[in-house]
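Undergrad: After the structure tokens below, expect a handful of questions from me.
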Amino acid sequence: MSERSAISVSVLGAGATYSLRIAPELVASVREAAGFDLTGSINTAISTGAKIAARLGPDEWLLIGPDGQSNALSDEIGAALAGHFHSLVDVSHRNVGISVAGREASMVLNAGVPIDLGDAAFPAGSATRTVLGKAEIVLMRPDADRVYRVECWRSFAPYVRAFLEETAREFNSQ
Amino acid sequence: MASDLSAHSFRLANGGRIDRSRPVRFTFNGRTIDAYAGDTIASALLANGIHLVGRSFKYHRPRGILSHGSDEPNALLDIDRGAGRRDPNNRATVVEALDGLAARSQNHWPSLDFDLGAINDRLAPMFAAGFYYKTFKWPRTFWHRLYEPAIRAMAGLGVAPTESDPDRYTQRNAHCDVLVVGGGPSGLAAALAASESGARVILADEQAELGGTLLHDRISQIDGRAADTWRAETLATIAARPDVIVLPRTTVFGYYNHNHIAMVERVTDHLQAPPAGLPRERLWQVRAKKVILATGAHERPLAFADNDRPGIMLAESVRAYINRYAVAPGRQIVFAGVTGSAYQAAADAKSAGLAVTFVDVRDPTQCGEEVGELRALGVEVLTGHTIIGSVGRKRVAGLIVAPVNGPGDVGAHRTLPCDAIAMSGGWTPAVHLFSQSRGRLQYRDAIDAFVPGASAQSECSAGAANGTYDLAATLDEGWRAGAEAAGTTASRSFAVAPSTRTDSGRARSLPTDRDADRVRAFLDFQNDVTVKDIKLAVREGFQSIEHVKRYTTTGMATDQGKTSNMLALGIVAEALERPVPEVGTTTFRPPFTPVSFGAIVGQARDALFDPIRKAPLHDWAEAQGAVFEPVALWRRARYFPQAGEGMHAAVSRECRAVRSNVGIFDASTLGKIEVVGPDAAEFLNRIYTNAWLKLAPGRCRYGLMLREDGFIFDDGVVARIAEDRFHVTTTTGGAARVLVHMEDYLQTEWSDLKVYLTSTTEQWGVIAVQGPKAREVIEPLVEGIDLSPGMFPHMAVRVGRICSVPTRLFRVSFTGELGYEINVPTGHMRTVWDAIIKQGAPFGITPYGTEAMHALRAERGFIIVGQDTDGTVTPDDAGLGGMVSASKRDFVGKRSLVRPDMLLADRKQLVGLTTADPKLVLDEGAQVVADTKAPIPMKMLGHVTSSYWSDACGHSIALALVSGGRARLGETLHATTPSGFAAVKVVTPVFFDAEGKRVHGGLEHV
């Protein structure tokens, strides 16, 4: 038990977040937009500096950039995708990001996430839409090994955070 | 006797897995019991000479400890761990002894030793199978008032706790290549093989220690090592491998589709001082590629008269108590059985220094060399004897046996004095989980038991669960199963000495010379079902085992007949004179053993029961003293009472403010969907009933959406932000299903349309500012939008800024007043809201809640989908026939609208109702009838859907769905009230500003 490390659950600062929808055959010729790498396969998250491009479906990306860049970023992405049919919707205020970090972070998440978070099934660079208990979330493991990012809708954030803090308790009190 | 009641009076001097250096004390019915760490409550009671632990379910017969495992039917105790930590019906055989724990027996009054309910035992002839179906038939009304409560009080087992459970429970999802259920020899071998190649393995066992029968096996050598040494080494090897999870105290209780396994881990119950933060129990949901069921077998009792006295136990359990817990269940033990395993148990008892007699009910010709071997140890072995009954009451004192000289010829009785009896009627593989997996059971005649046959899922059974009782064969089988499950072809053979005695005879009802009608030989100890009950059921015509089960309740108690089912089945087969496989077996259902509600609930309690979605201004509203109401998962401010104000007064004041000055409302929970793409207008044209192609950018339109069946599904205002971009709003509760509905059509029916949908419900906060002064309030705050009516008419939308924040400003009204809905990014809501409140103060701006919003819209006759519609209302029913485009080629639901049923004149149509008594506000849901004198059941014409006090009208108003309602305008009907009926007049469902001029606020002309 002594080798158990603490789990930290923390709400991340607001990012500039977009839902991008674009057909895979169109994105193939673009590959990158405003520093977001769009070449990843489904269920991956590619981090480029402070930007994360999480591909959630064949034609769906969640793009997370640094805060304060909202308008500039959307213009930049729009310019990169000009001429290709796509939908770019600002969801910066819809989403809340929560970080779950620590050696047993996957166990804390698996209290409410039914999917396999083992290293083989969900390695660094993974992203997926799933559920945490009774809330729908997007789960990412952008880079660092045991740091997961949970994205949920704003009004679900208190529930998601409390759920994670509750299930983290057994790892934090010993 | 005094010495027998002293501490550890029945503890053997040596051996056992208990830790004699760690004494533990708990109480049983108030009496202090000395135990050791490693004891169960049952082993500790037995170590202190206590067998009587409870009274039986129906007859209140004294009952003792039958088994040593989770199959225990008798020893059910109420366990109190203090401070609300009490729960009933714990099996004493699986609860670990702990300092300070209080155990109490159940189902007795006034005390365990003197129980008045035991009168039931004398009245037993009354309580034959199906007795309550036969007895409590008349008078019918007595059932609920008298019979059922009385039976429940008399026949109940434990008492449910009333206090809130202070413990925490958690859950975990896990995935693995191989799940091994059961940590006995075959399970250990399976996990050893499976983990060898690096597969992800979970090994779960319900006991505190893994090892199963190896924990009480003192004679077997496995590959040259003592059984326990092999056990410990193997377990250490397995646990040290990466990707292996070993879970003791973890019961696999459910086997569902696609190898979805449910199990419960008891995390802290065995800890004297659990670390804070640990949950009491953890419910695991495991998705396993392969499941190995190494669940072992349950021993069967023998069916003889009075086989339920305290002190009568299962033979292997007696062996376990002696070897594992160093407890003598008795000093003079009579073994009775038909199995080789019972001989081994007797030999172990003998070598522990106890007096042993063995009665083999098999014919001497069926017995083998085990008889001679046991006799060589100095044990008297009687073969070819039947058991006539037992003597003693709260503790068995003797076993009455007699030789069987031939069919129906029972010889002279002989009473073997004893203080414990160890019986063994055969073994039943624990096929519960296999059966839950929908695998087919097959009867194996050689062992008189059902064993796993064809699999339905990716699993296999190994060891005793598979009917393999020989230890070497069990290990080989387990290892093979583990290797195969991990995808390797390695093989291994285990050397075991001495070989296991696996022979077994076939025990049914034992021959007796007593009056069969007076003999009570128990099969199901927990539900008090006897051989006689089964035979009676068969005589009364029950043939199907499922019917016999339900009629007699055999196997229907919390132990699900683990000890009794196979024996009961044999008795049914015997009575029906049919072979066992023809009779078949009953269905096994989850859970394998009882599961606490806490584990099932897990984290989902209190604040985590359900997500509560709070609107962006929730905290502000709370500070204002708002009263909230749940709307789907949302909490919305219902009204804002001022000091001393009730709801009625507050709502009237809020309505009045909107009609006369200006009100402000948090409408953020409205669903929002961004519809983007060159085909967006065409898409909406197909989804909604009305036309969208010609809606100009900058304009809004109210849209009505149907399901395929033609009934109203949702509604809302849609704004065209740009040629290829729409801002759709939905009802609060409908947001998720509307998006799903739209995606469904887009992906499956119209995948050619270039449209993408994105939920923006929580991206945009919405502040509704409504009332004649609305424009004056917001105008100073708005940048870049000309609010003059000519430039910004009703049902227009503009993109600009408010308080320096980006906004999509709608000029729309759900109140009938001039109004705006100001969309701003949610994070900016509070800033903008505060600015508007400040700006509006001179105009008396008044926050209003959902109740005022509802009343205001009802005055104007605007429907709320889900309140004034119920999934059976067409646009025409709702008076919205004009919303349905006649010229569009198609839209969702169009064809259904011309079905003959949808055009009937007597369909329920939305009308207004006014009450004869203007002050009377009808109940929503009140039924509407034409004639209050009509005989009951009277024809109901419809019901009230919305009902409010209208401040603007000065009387109550109601909306109702009434059969042929529009043809009844002016008629007087009657609505039900709590005390009778109220006369109502049918009116057009618009009560205020019938011409709809007020949305223009007097600023412009229609």
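Undergrad: Can I get the semi-axes of region B:374-445's equivalent ellipsoid? Compute them from the C-alpha gyration tensor as square roots of 5 times the eigenvalues, in angstrom, largest first. Kindly include the intermediate steps, with their values, before the conclusion.
TA: On the way: eigenvalues 224, 62, 42 Å².
Taking √(5λ) for each Cα gyration eigenvalue gives 33, 18, 15 Å.
Undergrad: Using the 2.2 N^0.38 Å rule of thumb for compact globular proteins, work out how region B:724-826 stacks up: its C-alpha Rg over that value, please.
TA: That works out to 1.24 for region B:724-826.
Undergrad: Using a cut-off of under 18 Å, list every residue of region B:718-756 whose amide N is near the label point 7 Å from the Cα of B:M795 along the Cα-to-beta-carbon line.
TA: Backbone N within reach: B:718-722, B:726-730.
Undergrad: Let me ask something else. Charges only on Cβ, +1 for Lys and Arg, -1 for Asp and Glu: so what's the dipole of the protein assembly as shown about the Cα centre, in debye to the nearest 20? Could the numbers behind the result be given before it?
TA: On the way: 125 positive and 131 negative charges, 367 e Å.
Here the size comes out at about 1760 debye.
Undergrad: Which listed residue (B:A604, B:I447, B:L283) has the Cα farthest towards the positive end of the charge dipole for chain B, taking +1 on Lys and Arg C-beta and -1 on Asp and Glu C-beta about the Cα centre?
TA: The residue sitting most towards the positive pole is B:A604.
Undergrad: Calculate how large, on average over all directions, the projected area of the Cα convex hull of region B:322-377 is; give the answer in nm² to one decimal. Kindly include the intermediate steps, with their values, before the conclusion.
TA: Details: hull surface 14.5 nm².
That works out to 3.6 nm², a quarter of the Cα hull's surface.
Undergrad: What per residue convex hull volume, in Å³, comes out for the protein assembly as shown when only alpha-carbon positions are used? Intermediate values should be presented prior to the final figure.
TA: On the way: hull volume 251.2 nm³, N = 1180.
Measuring per residue, one finds 213 Å³ for the Cα hull of the protein assembly as shown.
Undergrad: Translational diffusion coefficient, Stokes-Einstein: compute it for region B:894-990 using the Kirkwood radius over C-alpha pairs as Rh, at 20 °C and 1.002 mPa s, and state it as an integer in µm² s⁻¹. Walk me through the numbers on the way to the answer.
TA: Working: Rh = 13.8 Å.
This corresponds to a translational diffusion coefficient of 156 µm²/s.
Undergrad: To continue, here is another question. Straight distance only, please: which aspartates and glutamates reach the Cα of A:K51 with their own Cα at less than 18 Å, same-chain residues fewer than 8 apart left out?
TA: Cα-Cα hits under 18 Å: A:E32, A:D37, A:E60, A:D67, A:D75, A:E76, A:D90, A:D143, A:D145, A:E151.
Undergrad: Consider a paramagnetic label point 7 Å from the Cα of B:H260 along Cα→Cβ; state which residues of region B:161-175 have an amide N under 17 Å from it.
TA: It comes to B:171-175, nothing else.
Undergrad: Another one. Once you've got the Cα coordinates, tell me which of B:K694/B:K908; B:K672/B:K838; B:K58/B:K562; B:K58/B:K535; B:K290/B:K562; A:K134/B:K290 are over 23 Å apart. It would help to have the intermediate numbers written out before the result.
TA: Numbers: B:K694/B:K908 33 Å; B:K672/B:K838 28 Å; B:K58/B:K562 19 Å; B:K58/B:K535 19 Å; B:K290/B:K562 25 Å; A:K134/B:K290 28 Å.
Result: B:K694/B:K908; B:K672/B:K838; B:K290/B:K562; A:K134/B:K290 exceed 23 Å.
Undergrad: Oh, and also: From the helices alone, meaning DSSP H stretches of at least four residues, give me the mean residue ellipticity at 222 nm for chain B, per-run term -39500 (n - 2.57), in deg cm²/dmol to the nearest 500. Don't jump to the answer; show the numbers that get you there.
TA: Values: 23 runs with 207 residues, N = 1006.
The per-residue figure over chain B is -6000 deg cm²/dmol.
Undergrad: Quick one: ranking B:I65, B:I785 by accessible area, 1.4 Å probe, largest first, what do you get? Present the calculation step by step, with values, prior to reporting the outcome.
TA: Details: B:I65 0, B:I785 20 Å².
My answer, sorted largest first, is B:I785, B:I65.
Undergrad: Under the definition of Cα pairs under 8 Å and six or more residues apart, what whole-number percent is the relative contact order of region B:516-586?
TA: It comes to 32 percent, rounded to a whole number.
Undergrad: Over the Cα atoms, compute the radius of gyration (one decimal) and Dmax (the largest Cα-Cα distance, rounded to a whole number) for chain A, in Å.
TA: Here Rg and the maximum Cα pair distance are 16.4, 58 Å.
Undergrad: Order the following by accessible area, largest value first: B:C953, B:C176. Probe radius 1.4 Å; ligands, DNA and RNA are ignored. The partial results should precede the final answer.
TA: Working: B:C953 35, B:C176 5 Å².
The most accessible residue leads, giving B:C953, B:C176.
Undergrad: In region B:416-501, what is the volume of the convex hull around the alpha carbon atoms, normalised per residue and reported in Å³? Present the calculation step by step, with values, prior to reporting the outcome.
TA: Values: hull volume 11.8 nm³, N = 86.
Expressed per residue, the convex hull around the Cα atoms of region B:416-501 is 137 Å³.
Undergrad: If I take every Cα pair under 8 Å that is 6 or more residues apart in chain B, average their sequence separation and divide by the length, what percent do I get for the relative contact order?
TA: Numbers: 2364 pairs, mean separation 87.1, N = 1006.
Value for chain B: 9 percent.
Undergrad: Another one. For the pair B:T748 and A:S10, what calculated FRET efficiency results from E = 1/(1 + (r/R0)^6), where r is the Cβ-Cβ distance and R0 = 45 Å, to the nearest 0.05? Display every interim value, and only then the final one.
TA: Numbers: r = 41 Å, r/R0 = 0.90.
Using R0 = 45 Å, I get an efficiency of 0.65.
Undergrad: Compactness ratio of region B:217-376: Cα Rg over 2.2 N^0.38 Å, N = residue count? Can you show the working numbers first?
TA: Numbers: Rg = 20.4 Å, N = 160, 2.2 N^0.38 = 15.1 Å.
That ratio works out to 1.35.
Undergrad: Just to check, using Stokes-Einstein with a Kirkwood Rh over alpha carbon pairs, what's the diffusion coefficient of region B:460-523 at 37 °C and 0.692 mPa s in µm²/s?
TA: Estimated diffusion coefficient is 218 µm²/s.
Undergrad: By what distance, in whole Å, do the Cα atoms of region B:2-132 stretch along each of the three principal axes, largest value first?
TA: Ordered largest first, region B:2-132 gives principal extents of 52, 34, 27 Å.
Undergrad: Let me confirm one metric for peptide A:110-122, namely the mean number of other chain beta-carbon atoms within 10 Å of its residues' beta-carbons.
TA: Values: counts 7, 9, 8, 2, 6, 3, 6, 3, 5, 1, 3, 1, 0.
For this peptide, the per-residue mean of nearby foreign Cβ atoms is 4.
Undergrad: Please work out, to two decimal places, the log10 of the ratio I(q)/I(0) at q = 0.11, 0.12, 0.19, 0.20 Å⁻¹ from a Debye calculation in which every Cα of region B:357-511 carries one identical scatterer.
TA: -0.63, -0.72, -1.18, -1.24
Undergrad: Check cross-link reach from B:K933 to the aspartates and glutamates: straight Cα distance under 19 Å, and skip same-chain residues fewer than eight apart.
TA: B:E971
Undergrad: In whole Hz, with x marking every Gly and Pro, tabulate ³J(HN,Hα) for region B:803-820 from phi via Karplus 6.51 cos²θ - 1.76 cosθ + 1.60, θ = phi - 60°.
TA: Here the 3J(HN,Hα) series is 6, 6, 10, x, 9, 10, 9, 9, 9, 9, 8, 10, 10, x, 9, 3, x, 10 Hz.
Undergrad: Next question, about the same structure. On C-alpha positions alone, give me the angle between the axis of helix B:340-351 and the longest principal axis of chain B, in degrees, nearest 10.
TA: Once rounded, one gets 70 degrees.
Undergrad: How far is helix B:315-325 tilted off the main Cα axis of chain B, in degrees rounded to 10, range 0 to 90?
TA: The answer is roughly 80 degrees.
Undergrad: Normalised radius of gyration for region A:75-124, please: alpha carbon Rg relative to 2.2 N^0.38 Å, two decimal places.
TA: Working: Rg = 17.2 Å, N = 50, 2.2 N^0.38 = 9.7 Å.
Relative to the 2.2 N^0.38 Å estimate, region A:75-124 comes out at 1.77.
Undergrad: Counting only other chains, what is the mean number of Cβ atoms within 10 angstrom of the Cβ of each residue in peptide A:87-99? The partial results should precede the final answer.
TA: Numbers: counts 12, 4, 10, 7, 7, 4, 12, 10, 2, 1, 0, 0, 0.
Going residue by residue through A:87-99 and averaging, the value is 5.
Undergrad: Something else: Note down the nm distance, to one decimal, between modelled labels 7 Å out along Cα→Cβ at B:T489 and at B:T32.
TA: 6.6 nm
Undergrad: Rounded, prolate or oblate: which fits region B:799-944, taking a ≥ b ≥ c as square roots of the Cα gyration tensor eigenvalues, rounded meaning a/c under 1.5, else prolate when a/b beats b/c?
TA: On the way: a/c = 3.49, a/b = 1.60, b/c = 2.18.
In terms of gyration-tensor shape, oblate.
Undergrad: Using the reciprocal of the averaged 1/r over all distinct C-alpha pairs, how large is the Kirkwood radius of region B:478-629 in Å? Could you put the intermediate results ahead of the total?
TA: Working: mean 1/r = 0.0473 Å⁻¹.
It is 21.2 Å.
Undergrad: Whole number please: convex hull volume per residue, Cα atoms of region B:516-586, in Å³.
TA: On the way: hull volume 5.1 nm³, N = 71.
In region B:516-586, the Cα convex hull volume per residue is 72 Å³.
Undergrad: Turning to a different aspect of this structure: What shape does region B:670-760 have by the C-alpha gyration tensor, where a ≥ b ≥ c are the square roots of the eigenvalues, rounded means a/c under 1.5, and otherwise prolate means a/b greater than b/c and oblate the rest? Don't skip to the answer; put the middle values down first.
TA: Details: a/c = 1.35, a/b = 1.13, b/c = 1.19.
It is rounded, given that a/c, with a ≥ b ≥ c, falls under 1.5.
Undergrad: If a/c stays under 1.5 just call it rounded; otherwise compare a/b with b/c (prolate if a/b is bigger, oblate if not). Do that for region B:301-425, with a ≥ b ≥ c from the square roots of the Cα gyration tensor eigenvalues.
TA: Working: a/c = 1.86, a/b = 1.19, b/c = 1.56.
Here region B:301-425 falls in the oblate category.
Undergrad: By accessible area of protein heavy atoms, probe 1.4 Å, what ranking do B:E776, B:E546, B:E72 get, highest first?
TA: Numbers: B:E776 95, B:E546 45, B:E72 0 Å².
Listed by decreasing accessible area, they come as B:E776, B:E546, B:E72.
Undergrad: At 0.36 nm per residue, and after removing the present C-alpha to C-alpha distance, how many nm does the segment from B:T383 to B:D923 gain when stretched out fully? Don't skip to the answer; put the middle values down first.
TA: Details: separation 540, 0.36 × 540 = 194.40 nm, distance 8.03 nm.
Result for the pair: 186.4 nm of gain on full extension.
Undergrad: May I pose another question? Using all C-alpha to C-alpha distances in region B:155-230, build P(r) with 10 Å bins and read off the rounded percent in each one.
TA: 16, 31, 24, 19, 10, 1
Undergrad: Positive end of the charge dipole of the protein assembly as shown (Lys, Arg +1 and Asp, Glu -1 on Cβ, about the Cα centre): tell me which of A:V9, A:V113, B:T872 has its Cα farthest that way.
TA: B:T872
Undergrad: Right, here's the next one. Using only the Cα atoms of chain B, what semi-axes does the equivalent ellipsoid have when each is the square root of 5 times a gyration tensor eigenvalue? Give whole Å, largest first. Intermediate results must be reported in sequence, preceding the final value.
TA: Working: eigenvalues 1071, 216, 151 Å².
One finds semi-axes of 73, 33, 28 Å for chain B.
Undergrad: Using Cα atoms only, what is the angle between the long axis of helix A:70-80 and the major principal axis of chain A, expressed in degrees (0 to 90) to the nearest 10?
TA: The answer is roughly 50 degrees.
The values are calculated or read from the model by the stated rules, or taken from the named source; none is laboratory data. These figures come from a predicted structure and were not determined experimentally. Heads up, the Cβs are rebuilt from the backbone with ideal geometry, glycines too, and the neighbour counts pull from every protein chain shown. Protein only, heavy atoms only, side chains kept; ligands, DNA and RNA dropped before computing areas. Shrake-Rupley method; radii C 1.70, N 1.55, O 1.52, S 1.80 Å.
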